[in-house]
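A.B. asks: Pasting a structure here, questions to come.
The values are calculated or read from the model by the stated rules, or taken from the named source; none is laboratory data. Predicted model only: the values in this text are computed from it and were never measured. Cβ placement follows ideal geometry from the backbone for every residue including glycine, while neighbour counts extend to all protein chains displayed. Heads up: the accessible areas ignore ligands, DNA and RNA and are worked out on the full protein's heavy atoms, side chains in. Shrake-Rupley method; radii C 1.70, N 1.55, O 1.52, S 1.80 Å.
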Amino acid sequence: MKQIPIVLLLGFTLSLCNLANRLKPGTNSNEPNKSSTSSGSGEAEHATPTAAQVAALAGGQTVKWDQQGMSWTVPPQWKEVSKESKELVWNSPGGSDAANLIVSISPMDESFPTDVSIKAFYDGAKTRQKNGEVDELKWLEIDGLKGVQFRESNPEKPDGFRRLQWMAYRKYAGQVQLVNLMLSSNGRGFPKHQDAMYAVMYSTKIVH
């Protein structure tokens, strides 16, 4: 159980590295297996939960990450796994089929080209979508902050991980930061946790 978040973070790190290689200076459907794309114009949808997603958080608890000026509402059974200065992890009951919330903060240099970078993340996810690895992609605004949201396609094996991810840049505490919010489960557990995972994502409150 304690190794699951580590595996997820390793997978995310590899994904982040692949997308970062695409950077060049200067330059809603929540149903499974349906595709939602956005044009390169960058117009963002607003995070609006469905009735089923709202119901998934009934009786929920508030998760506060005061050090990073962020908070969420999660289902009542979820528990904290770890909370550090730049990483927070919570998960649900369920063993290998559990849902996971992993949030990481990456400080950047003040001159870092955030517009170029976020577009590169979008383009990288769009390429993955064309290859069948992503089945939902959009620009999404959460609590007034615009970012890229994508959902991975159902894995070939039921124990393979499937991720719902939102990435955005903000200025906070005198830093330019990449905020990376990931909710995940394995292919077997994803459908039963999906409404709750979207609801947790949409509940994000973030200082920026």
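A.B. asks: Would you confirm whether or not the range 121-143 contains a residue that is of a type in the set (V, I, T), at pLDDT 95 or above, over 15 Å from L181 (Cα atoms) and open to solvent by less than 20 Å² (accessible area, probe 1.4 Å)?
C.D. replies: Checked the range 121-143: at least one residue is of a type in the set (V, I, T), at pLDDT 95 or above, over 15 Å from L181 (Cα atoms) and open to solvent by less than 20 Å² (accessible area, probe 1.4 Å).
A.B. asks: If you don't mind, there's one more thing I want to ask. Of the residues in the range 162-208, how many are among the small types (G, A, S) and surrounded by fewer than 22 Cβ atoms within 10 Å (Cβ to Cβ)?
C.D. replies: Looking only at that region, the number is 4.
A.B. asks: Quick check on my filter: what residues within the range 51-79 are closer than 30 Å to K171 by Cα, among the polar types (S, T, N, Q) and open to solvent by 50 Å² or more (accessible area, probe 1.4 Å)?
C.D. replies: If the condition is that a residue be closer than 30 Å to K171 by Cα, among the polar types (S, T, N, Q) and open to solvent by 50 Å² or more (accessible area, probe 1.4 Å), then Q61, T62, Q67 are the ones that fit.
A.B. asks: I need the strands (runs of 3 or more DSSP E) fully contained in the range 83-185, keeping only those with at least 1 residues that are over 18 Å from the mean Cα position of the chain (by Cα).
C.D. replies: Where strands (runs of 3 or more DSSP E) fall fully within the range 83-185 and carry at least 1 residues being over 18 Å from the mean Cα position of the chain (by Cα), they are 100-108, 161-172.
A.B. asks: Turning to a different aspect of this structure: With (1) modelled with pLDDT under 95; (2) surrounded by 15 or more Cβ atoms within 10 Å (Cβ to Cβ) as the list, and K83 as the residue in question, which single condition is left unmet?
C.D. replies: Single failed check for K83: (1).
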